[in-house]
1. Pull up the range 76-106, narrow it to residues that are of a type in the set (S, T, N, Q) and surrounded by fewer than 19 Cβ atoms within 10 Å (Cβ to Cβ), then point me to the one that is farthest from Leu273 (Cα to Cα).
2. I'm checking my understanding of the structure. Among residues of the range 156-183 that are farther than 18 Å from Leu138 by Cα and of a type in the set (D, E, K, R), which one is surrounded by the fewest Cβ atoms within 10 Å (Cβ to Cβ)?
3. Could you go through the range 62-79 and let me know if any residue there is among the β-branched types (Val, Ile, Thr) and within 22 Å of Ala152 (Cβ to Cβ).
4. So which residues in the range 72-108 are over 17 Å from Cys129 (Cβ atoms) and of a type outside the set (Asp, Glu), if there are any at all?
5. Pick out, from the range 99-185, the strands (runs of 3 or more DSSP E) lying fully within it that include 1 or more residues that are of a type in the set (S, T, N, Q).
6. Mind listing just one residue for me: the one in the range 30-75 that is touching a residue at least 24 places away in the same chain (Cβ under 8 Å) and among the aromatic types (Phe, Trp, Tyr) and, of those, surrounded by the fewest Cβ atoms within 10 Å (Cβ to Cβ)?
7. Mind telling me which of the residues Ser180, Ser197 ends up being out of contact with any strand residue (DSSP E or B) (no Cβ under 8 Å at 6 or more places or on another chain), closer than 20 Å to Thr255 by Cβ and polar (S, T, N, Q)?
8. How many residues does the range 235-282 hold that are outside any loop (DSSP other than H, G, I, E, B), surrounded by fewer than 20 Cβ atoms within 10 Å (Cβ to Cβ) and either among the polar types (S, T, N, Q) or touching a His at 6+ places or on another chain (Cβ under 8 Å) (or both)?
Amino acid sequence: MLLSILIRQCEDTLCQVYPEREARQMVFSLLEHCLGTKPYTHIVNPQYQVSDEAVSGIMKSVERLSREEPLQYVTGQAWFYGRAFRVTPDVLIPRPETELLCREALQEASRRGIGEGADVLDLCTGSGCIAWTMALELHGCRVSAVDISDGALEVASSQDFCCEPPAFFKADVLRDNLFSGKKFDIILSNPPYVRDSEKALMKANVLDWEPSLALFVPDRDPLKFYKAISSHASNLLSDGGFGIVEINEALGEETLELFVKAGLKNVRLIHDLSSRPRFVFFSR
């Protein structure tokens, strides 16, 4: 089949579910993943042929997309900090906001002279995108990462990058006594923080496919992970160390106050590129 015809067929199917521009971008992304083509390949090479076998596989993927399954789960990968991470429905799809968390952490580490030999802790690691990014970007550091989900830990530990891999541990951040007697120079986390009442604001491709365990917290106790993390941080953070946690923008001041009450220093909000409170910074 000609690539141009395949593109049209894919778009016709997805335009029944998505706006035209979104559908077209999804098609080009899928074809680049499956065939290595670019959005202009069918223009510069009008006779580009796609094998019947490839067409069959691509149309099956398009059918999955038409059911609002995220493209990242269909392709099995998501880009984060310039790298392709393996993802499955056991883990959240890494978001650009979390890239900012890593960028802020690396800049702060540089300012403080934290580098080779540093110990880094990632709580609620999910796909491991934070843990692996720190291991890859902060050369010579030692990264430990924790999650309660066996599926998430399998995905995180299966990432294939050329560096000293993080050490992944199964633990419940809310209940377990973590790393007794050990100290960390950097503590990072992107824990669940979306309130159940906010589900109505979310799209089906998130609600129906991404793991609820990694997303939602009850309205009656929306800061339960931050209560636990601030307590862990007060025990585990080394002198001169720092931490950054991603937060619910609607609960910025309340989250900040938990880290102040835990006895941590220099507690402040960090805003994202849209000037929304997105992280809490703290240090010892």
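1. Among them, the one singled out is Thr88.
2. In this case the residue turns out to be Arg175.
3. Yes, there is a match, as at least one residue in the range 62-79 is among the β-branched types (Val, Ile, Thr) and within 22 Å of Ala152 (Cβ to Cβ).
4. Val74, Gln107
5. Numbers: elements: 119-123, 142-147, 167-170.
In the range 99-185, 142-147 are the strands (runs of 3 or more DSSP E) which contain 1 or more residues that are of a type in the set (S, T, N, Q).
6. Going through the qualifying residues, I end up with Tyr48.
7. On the way: Ser180 fails: closer than 20 Å to Thr255 by Cβ.
Checking each option against the conditions leaves just Ser197.
8. Of the residues in that region, 4 qualify.
The values are calculated or read from the model by the stated rules, or taken from the named source; none is laboratory data. Since the model is a prediction, treat every value here as computed from it, not as a measurement. A quick note on method: Cβ atoms are made from the backbone with ideal geometry, for glycine too, and the neighbour counts reach across all protein chains shown.
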